[in-house]
């Protein structure tokens, strides 16, 4: 196996977005591309990630592989390498080798760990409310609401999408009108979500510039980030109102 | 290879072996919780290992269409970690609207203690007060928990399973796996398991690899109860990746460090498959052994900390990958060898003592340097008899040097001795 990319940043951002969710991930490396599916231990967030082989400068995979690695280690290594990166399997040593060649030639070996068997299914939910918008707007709104609250209410009412939060006397409301969205499928819907999780997910806005938000009433939230060769889908369980 | 314990885990509550009243109460409680009628917001299932606590919780979740969010004893369970998993799950809805609810399962709550799990129990208490989802806690010993903690839970006891019940399950599984199992052998497995169904099924699986189980196979099992402590400690040390957890594993064990070292050495190769993990593990063990040697020789007990850290943390941190599967730990061959050679070692000691007295050397020197010499001198029967008389060897002691002619030599030696006594003080030439 040999993968070569000149967009290490992109990979790093993806791993950074899930590093707080799970301790380890299993990379499924297939001839068509790589995929990751993971769920946090509290079973409230799920990521479904896919990067097609076209996204790489060089992609040589003879047979499908499943590589489980410690996520923190991978993120730390990705912070230390140059934009050009070669990923290989170290023969016989049960490790993933990352090579980056700038002025300095760097080599990192990350040990592979045994995967705990788990076949995750992506929840099948039909959403009647969807808004597609510039991902920078989404990240911005999450950052705005994060300054005061732990939770955010996502709401579609009439022709606008709202991000609102309240904590003691503080209140924040962000409105994105239908006209500012790329597409808008409306039906009034409202759910509450943990900002801690959303802040991490919003990091993907740095590398993919569109996001589709799917909402329901007290249903999980679905975020689709996609460009030509990369697809990242998040599901996040709602916080149920306690009255 | 799939573990039979998992493969045959009950799918429905009515398949759970034994403890019918408790199982029924578990189901009723979850339903009460859903209706908001439960008096206590957490249920504490307590009982010995393998009595069906985990299986009951999973079977119930499956019947109700619930998801299970679980924290295991192998995870580090500080306040932060408990809040991140159990706390979050207690506040949020599910990911899949198809699921009707969730059970938050905390395994081995009585094992949450010490510095590595700081604040863990307090965090669970807070979560119980506020939870929206039913919390099921598992413990072997409920009395190890603080009283105010127990006060927040409804306790439900799971009893040790009856031997006949265990036997019935073993028979069912052997039939399904197509194993020709001797009835007596299965009974031995059931008895040895001492009410621990999980242990019994694991034994069945490891003995049944070849497709048949005879009486002689089950004879290789030894009483599990007495060894339970060390088994638990071994699996803690081998499976964990946390230094603190490995170190704590031996705290409650009433065994001397040397014994633990032998158990680790015996079972390390059964656990660590990767040769480089194994090499690092043995490196740690051998260094621990060096320290133990120093302690013994010079009584420098202050070195014990190094020895025990190398044995526990050293071993558990020397793996680069995790080994999830079940390993059947074995009694150290070293101890078995000691037991087997006891008679011979006693004999050597007696002979050494006699040589030491006559030759004015320590018993150690006698054993190491003189015994080989005496054995060489014994090739000449006349000399052998004179030497035997001189040292005062018994017949069975002579057998140590010359088992075939011991009787004749002893007879000759007796004569020489008698002669020596009658000639009074006239020393017979030795050589």
Relative contact order for chain B: what percent, with Cα pairs under 8 Å and sequence separation of 6 or more? 12 percent
Which angle between 0 and 90 degrees, to the nearest 10, do you get for helix A:135-146 versus the longest principal axis of chain A when only C-alpha atoms count? 70 degrees
Rg/Rh over Cα atoms for chain B, Kirkwood Rh, comes to 1.16
A correct Stokes-Einstein calculation for chain A, using the alpha-carbon Kirkwood radius, 37 °C and 0.692 mPa s, returns a whole-number D in µm² s⁻¹ of 172 µm²/s
Determine Rg/Rh for the range B:303-431; Rg is computed over alpha-carbon atoms and Rh is the Kirkwood hydrodynamic estimate from the same atoms. 1.28
Rounded to the nearest 10 degrees, what's the angle between the helix B:333-359 long axis and the longest principal axis of chain B, both from Cα atoms, 0 to 90? 30 degrees
Provide a whole-number value for the mean count of partner chain Cβ atoms within 10 Å of the Cβ atoms in peptide A:215-223. 1
In square nanometres, what is one fourth of the surface area of the convex hull spanned by the alpha carbons of the range B:66-105? 2.8 nm²
Taking only Cα atoms, what is the 0 to 90° angle, nearest 10, from helix B:197-207's long axis to the longest principal axis of chain B? 50 degrees
Quote to one decimal, in nm, the extra length available between residue B:325 and residue B:309 on full extension: 0.36 nm per residue of separation minus the C-alpha distance between them. 3.3 nm
In nm, to one decimal, how far is the residue B:317 label point from the residue B:375 one, both placed 7 Å along Cα→Cβ? 4.5 nm
Nearest 0.05, what FRET efficiency do residue B:183 and residue B:209 give at R0 = 22 Å with Cβ-Cβ as r? 0.70
For the range B:85-151, the Cα-Cα pair-distance distribution in 5 Å bins from 0, as whole percents, is 3, 16, 26, 25, 15, 8, 5, 2
When the Debye formula is applied to the Cα atoms of the protein assembly as shown, each taken as the same point scatterer, what base-10 log of I(q)/I(0) results at q = 0.08, 0.10 Å⁻¹? -0.79, -1.10
Cα-Cα pairs in the range A:31-165 separated by more than 25 Å, as a whole percent of all pairs, come to 49 percent
Points 7 angstrom from Cα along the Cβ direction at residue A:72 and residue B:276: gap in nanometres? 2.2 nm
FRET efficiency (residue A:134, residue A:6; Cβ distance; R0 25 Å; to 0.05) is 0.50
Computed, not fitted: 222 nm per-residue ellipticity of chain A from DSSP H runs ≥ 4 (each -39500 (n - 2.57)), nearest 500, equal to -5000 deg cm²/dmol
Determine the calculated [θ] at 222 nm for chain B from helices alone, applying -39500 (n - 2.57) to every DSSP H run no shorter than 4 residues and normalising by the residue count; nearest 500 deg cm²/dmol. -16000 deg cm²/dmol
Cα-projected label distance for residue B:297 with residue B:283, points at 7 Å along beta-carbon direction, nm: 2.3 nm
Would you please classify the overall shape of the range B:107-203 from the alpha carbon gyration tensor, given that a ≥ b ≥ c denote the square roots of the eigenvalues, rounded means a/c under 1.5, and beyond that prolate means a/b larger than b/c while oblate covers the rest? prolate
First measure r as the distance between the Cβ atoms of residue A:99 and residue B:258, then evaluate 1/(1 + (r/R0)^6) with R0 = 45 Å and state the FRET efficiency to the nearest 0.05. 0.45
If I take all pairs of Cα atoms in the range B:4-157, what percentage of them are more than 28 Å from each other? 14 percent
Within the protein assembly as shown, what percent of beta bridges assigned by DSSP are antiparallel, to the nearest 5? 80 percent
Classified through the alpha carbon gyration tensor (a ≥ b ≥ c as square roots of its eigenvalues; rounded if a/c is under 1.5, else prolate when a/b is larger than b/c, else oblate), the range B:163-223 comes out oblate
Segments A:124-134, A:230-240, A:57-67 sorted - mean Cβ within 10 Å per residue, highest first: A:230-240, A:124-134, A:57-67
Average partner coverage of B:78-90, which counts Cβ from other chains inside 10 Å: 3
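Throughout, read-outs are computed from the coordinates displayed, never taken from laboratory work. Quick caveat: nothing in here was measured; it's all calculated off a predicted structure. Please note: Cβ atoms are built from the backbone with ideal geometry, for glycine as well, and neighbour counts cover all protein chains shown.
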